[in-house]
1. Cβ-Cβ distance below 6 Å, separation of 6 or more or different chains: which pairs start in region 94-118 with a residue that is in contact (Cβ under 8 Å) with a residue 60 or more places away in the chain and end on one that is surrounded by 14 or more Cβ atoms within 10 Å (Cβ to Cβ) and among the hydroxyl-bearing types (Ser, Thr, Tyr)?
2. Name every residue in region 106-119 that is assigned to a helix (DSSP H, G or I) and surrounded by 15 or more Cβ atoms within 10 Å (Cβ to Cβ), in order of residue number.
3. Among the residues of region 46-59, write down those that are surrounded by 15 or more Cβ atoms within 10 Å (Cβ to Cβ), under 18 Å from ASN72 (Cβ atoms) and without any contact (Cβ under 8 Å) to a residue 60 or more places away in the chain.
4. Looking at region 181-188, is at least one residue closer than 14 Å to LEU106 by Cβ and assigned by TED's automatic domain parsing to the domain that holds ASP151?
5. Would you check if there is a residue in region 38-45 being surrounded by 18 or more Cβ atoms within 10 Å (Cβ to Cβ), more than 21 Å from GLU126 (Cβ to Cβ) and at pLDDT 90 or above?
6. When you look at PRO96, is it in the same structural domain as GLU205 (by TED's automatic domain parsing) and either under 22 Å from ASP197 (Cα atoms) or surrounded by 14 or more Cβ atoms within 10 Å (Cβ to Cβ) (or both), yes or no?
7. Conditions first: (1) in a helix (DSSP H, G or I); (2) in contact with a Pro (Cβ under 8 Å, 6 or more places away or on another chain). LYS83 passes all but one, so which condition is the exception?
8. Give region 126-147 a look and list any residue that's part of a loop (DSSP other than H, G, I, E, B) and among the β-branched types (Val, Ile, Thr), or say none.
Amino acid sequence: MALCHSLSTKQLVTCPRYPLPMAARDPEATKARIFEAAVAEFARHGIAGARIDRIAAEAKANKQLIYAYFGNKAELFAIVLEKKMLHLAEAVPVDPDDIEGWVDRLMDYHAAHPELLRLLFWEGLEYGSTELPHESDRREHYVRKVAALRDGQERGVVTDAIPAADLLFLLTALANWTAVVPQMRRILVGEDEPDRDRLRASVKEAARRLTAR
């Protein structure tokens, strides 16, 4: 009998060596559970610390099926982060005509979805400045955002004193840092609601001045 790990995804479902739960017969539902479990696992433990066994247990999925659907652990992380970043791009597109509103929406998004910034920082810790898996897709992701700011520069609504790519980097740093280091925010700015509101207003004002012509 062929070894199960050499079989196709469809054959894995019926392989006696790796019996799967009934839910695995719905591949899309199984993939969705694996994805959500992987988001939580990678956000908590990073790439090196994450365990496929824990993802499989949380998703109620067979470990071999995870490999069949997503490849190895590094590939799974890359797919998870790519999908999360796509969701952000669709939910909060760069808006050069309303920089303060965009920053507001970006801060709201990361407050509601803290796992994305955690995934990005784990990626930075693990890969440093070396090339990323799927880097061409990531570059294309950023190209579209930079193009939106460059369009604003060409129309005269955003300063062209700073190159569009640099400007995107600075604006996202302004908007994201408060979510990345909450302990610094608490110590420097305070934790009460008026403190958070004041900081948000300051971030938006800084973004406005950074982009003003």
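The values are calculated or read from the model by the stated rules, or taken from the named source; none is laboratory data. Because the structure is predicted, anything quoted here is derived from the model rather than measured. Using ideal geometry, Cβ is built from the backbone for each residue, glycine included, and neighbour counts are taken over all protein chains shown.
1. Final answer for the pair search is ILE99/THR211.
2. Answer for region 106-119, where residues must be assigned to a helix (DSSP H, G or I) and surrounded by 15 or more Cβ atoms within 10 Å (Cβ to Cβ): LEU106, MET107, TYR109, HIS110, GLU115, LEU116, LEU117, ARG118, LEU119.
3. Correct list: ALA50, ILE52, ARG54, ILE55, ALA56, ALA59.
4. Looking through region 181-188, none of the residues is closer than 14 Å to LEU106 by Cβ and assigned by TED's automatic domain parsing to the domain that holds ASP151.
5. Within region 38-45, not a single residue is surrounded by 18 or more Cβ atoms within 10 Å (Cβ to Cβ), more than 21 Å from GLU126 (Cβ to Cβ) and at pLDDT 90 or above.
6. Taking the combined requirement at face value, the residue satisfies it.
7. The single condition LYS83 does not satisfy is (2).
8. Passing the criteria: only THR130.
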